[in-house]
Amino acid sequence: MLRYIALKVGRALFVVWAAFTLTFVLLFVLPANPVDLLFDPAEINTVPPEVREQVAANYGFNKPVSLQYLDRLGHALVGDFGNSVQSGRPVTTAILGVLPSTLVLAAGALVLALLIAFVIALVATATRHTWVRNLVEALPSAAVSVPVFLSGILILQVFSFRLGWFPAFGDDGLASLVLPLITLAIPVAGPIAQLLVRSFGTEFHSGYVTTSWAKGATRGRIIIGDVFRNASLPALTIAGITFGNLIAGSVITETVFARRGIGRMTQNAINTLDVPLVQGIVVLVAVSFALINLIVDLIYPLLDPRLRATLAAPGAPAA
Amino acid sequence: MTTELDTLAPPRPSATIRSATATGRRVTARAALRRVGELAQQPTLVIAWAIVLVVIGWAIAPSLFTSYGPYDGDPAASFAPPSAEHWFGTDRLGRDLFARSVYGARTTLTATLLAILIAFGVGTLIGLIAGFAKGTVDTAIMRVIDVFLAIPGLLLAMVVVSVLGYSTHNIALAVGISSIASFARVMRAEVFTVLTQDYVKAAYGLGVSRLGVLARHVVPNSLSSVIALAALEVGAAVLAVASLGFLGYGAPPPQPEWGLLVAEGRDYVAVHPWTSILPGAALAVVVIAAHRISTSFRKGQRR
């Protein structure tokens, strides 16, 4: 068991380190002249060479690549990714400033997505009408097929411009959170619902359900009492995918609704080629992803006794 | 020789496809006929194929589908609502939005095709090497793949595009690179499964070399899953390409591109909703159709 934990922690640390190195190579080594990236492309020709040299010295671009790398890695280890080119503020401060806004959006969207996914899976399993099942089972693949920017614009059009129920833009108060929340929940719910529909279906036709039927249980009793618990657990295995969908979705959602947050900051950072900020964001995302997968890997054996037995057995494969 | 060994293999999930490729053309033809028969019983699948074929037609010969040009503006007819004359209405400059969607298919679909080819080619090769070499090579490759999986595709694609510069080709490259990891993983898992099959052991027993086994058995038998994944990824790749176009990383404005069309209409959506919603709906319909077709592939494979 201890070996299993050590292995998983080691992998998580490796992923974070490698994500840092990958972004360093992509953003600081590959561009022919990284100093150019630090200036506004429109003004690049008006920058005097002395200023360029000074900026290069400030960012350490005149030092050998290996020294730059070690210097940046050392600082990154204590949470220092340098200063944002655009605002001049430390990258970490800039990220922490907008993080709460995205966390609220993402957490709310996740809860809503889980609700939608469970309702879809329960209805698909509980219904006796084939056409209802077919219809409900088609919803998840529609949810992942409609581009987030389109559903955002549609929702904006209907609930804000036509009905006037919610404000269209900005980020003040709960009312402005509703529409982005729904927009982001749709693509996140899709894959979860697909997985749940499948696992509810499998569990519903398993042996212990037959036993319950034989003992005289009703359809509702079986679904809630037997199937629900066993079929929900696999949803944890796509926590990583769900996280990725939340991040990608928030980039588009925050852009459509002009909300403050990590997604919009990422887009701005890419647009203005704010290299230190981009690296900070990518590493933050990789850290979160590694952490989420680590937590899932560690709690899954606690929730699934079968897996715990395999791990406890001597000489069990630890992967 | 190989055909006999293949039929010795125990029935696997994709046994139908496999035996069809092994026992010759006559069976494949009959299977194809049967598939057409099955197709007729699935109306949604027929519609999905029809949509995809029409859109491929848009990309190949756009002028057959619309009499307007993608850049022909008529300032007098700006923001005309959808009508028999302008199916999707017109935009700020009076350009026909249906024509722009039709011409935009080429940009978006070419980028998608390119992205899938990159991901399929590189991903399959990496997965094959990892699965066949096993041991340290496999572990090293898979740890690198883990890193690519840890960064969400859109974010990775944005970073790659920012380094390469904004253009539709770079979007294709970026989307392709960000999808390599999933292809590599599926291919590796398939190679592992194939290597445990009896016909592989039999081939080794008959003295076939490692490379011979790789070329004759491992590659052909593990590809079907990866091809099914490619079909599934088409929809996701169209979405990724359009999303990056929407964010403004693709073709510059006068060009028609699906994501960009939606972005251009966004400013007027409050008053003239069709400008953004109709091109976007066309895009969504194509992705839904692509998903429908890819699920039929996966089901066919499971049988």
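The values are calculated or read from the model by the stated rules, or taken from the named source; none is laboratory data. These numbers were taken from a predicted model, which means no experiment stands behind them. Cβ sites come from the backbone with ideal geometry, for glycine too, and all protein chains shown count toward neighbours. Quick note on the areas: whole protein, heavy atoms, side chains included, nothing else; ligands and nucleic acids left out. Shrake-Rupley method; radii C 1.70, N 1.55, O 1.52, S 1.80 Å.
Roughly what angle does helix A:262-271 make with the longest principal axis of chain A, taking Cα atoms, 0 to 90 degrees, to the nearest 10?
40 degrees
Binning at 5 angstrom from zero up to the longest distance, how are the C-alpha pair distances of region B:178-294 distributed in percent?
2, 11, 15, 13, 12, 10, 8, 7, 7, 5, 4, 3, 2, 1, 0
Could you work out [θ]222 nm for the protein assembly as shown from helices alone, using -39500 (n - 2.57) per DSSP H run of at least four and dividing by all its residues? Round to the nearest 500 deg cm²/dmol.
-23500 deg cm²/dmol
With only alpha-carbon pairs counted, each pair once and no self-pairs, how large is the Kirkwood hydrodynamic radius of region A:200-319 in angstroms?
Taking the inverse mean of 1/r over all distinct Cα pairs, region A:200-319 comes out at 18.1 Å.
Amide H neighbours of residue A:83 under 5 Å, at least 5 residues apart or on other chains, H built in the peptide plane: list them.
So residue A:83 has HN proximity to A:91.
Can you work out ³J(HN,Hα) from phi for every residue in region B:252-263, in order, using Karplus 6.51 cos²θ - 1.76 cosθ + 1.60 and θ = phi - 60°, giving whole Hz and x for Gly and Pro?
Computed from phi, the couplings for region B:252-263 are x, x, x, 5, x, 8, 4, x, 5, 4, 5, 5 Hz.
If amide hydrogens are placed 1.01 Å from N in the peptide plane, which non-local residues have theirs closer than 5 Å to the one on residue B:251?
Amide H neighbours of residue B:251: B:168.
With springs only between Cα atoms under 10 Å, which of A:127, A:237, A:102 fluctuates most in a Gaussian network model of chain A?
With Cα springs under 10 Å in chain A, the top fluctuation among A:127, A:237, A:102 is at A:127.
Provide the per-residue ³J(HN,Hα) series for region B:126-143, in order, calculated from phi with Karplus coefficients 6.51, -1.76, 1.60 and θ = phi - 60°, each as a whole number of Hz, with x at glycine and proline positions.
4, x, 5, 4, 4, x, 7, 6, 6, x, 4, 4, 4, 4, 4, 4, 5, 5
Classify the protein assembly as shown as rounded, prolate or oblate, taking a ≥ b ≥ c as the square roots of the eigenvalues of its Cα gyration tensor: rounded when a/c is under 1.5, otherwise prolate if a/b is larger than b/c and oblate if not.
Cα axes put the protein assembly as shown in the rounded bin.
For region A:99-312, what class follows from the C-alpha gyration tensor (a ≥ b ≥ c being the square roots of its eigenvalues): rounded when a/c is under 1.5, otherwise prolate if a/b is larger than b/c, else oblate?
The shape class here is oblate.
When ligands, DNA and RNA are left out and all protein chains stay put, how many square angstrom of accessible area per residue does the protein assembly as shown have with a 1.4 Å probe?
47 Å²
So, counting K/R as plus one and D/E as minus one, what does the shell of residues with Cβ under 15 Å around residue A:148 add up to?
Here the count lands on +2.
May I ask you to give the percent of accessible area on region B:105-302 that is carbon plus sulfur, with a probe radius of 1.4 Å?
69 percent
What is the helix-to-structure angle for A:130-145, meaning the angle in degrees between its Cα long axis and the longest Cα principal axis of chain A, kept from 0 to 90 and rounded to the nearest 10?
That helix lies at roughly 10 degrees to the long axis.
As I understand it, the value is the acute angle between the Cα axis of helix B:25-40 and the longest principal axis of the Cα atoms of chain B; what does it come to in degrees, rounded to 10?
So the helix axis and the longest Cα principal axis differ by about 40 degrees.
Which whole-Hz couplings ³J(HN,Hα) result when phi for each residue of region A:116-124 is put into the Karplus expression 6.51 cos²θ - 1.76 cosθ + 1.60, θ = phi - 60°, listed in order with x for Gly and Pro?
Going residue by residue, I get 4, 4, 5, 4, 4, 5, 5, 5, 4 Hz, with x marking Gly and Pro.
For region B:105-302, with equal point scatterers placed on the C-alpha atoms only and solvent neglected, what are the log10 I(q)/I(0) values from the Debye formula at q = 0.10, 0.14, 0.17, 0.18 1/Å, to two decimals?
Evaluating at q = 0.10, 0.14, 0.17, 0.18 Å⁻¹ gives log10 I(q)/I(0) of -0.50, -0.84, -1.08, -1.16.
In Å², nearest 100, what accessible area do chains B and A bury in total when the solvent probe is 1.4 Å?
Using a 1.4 Å probe, the pair buries roughly 3400 Å².
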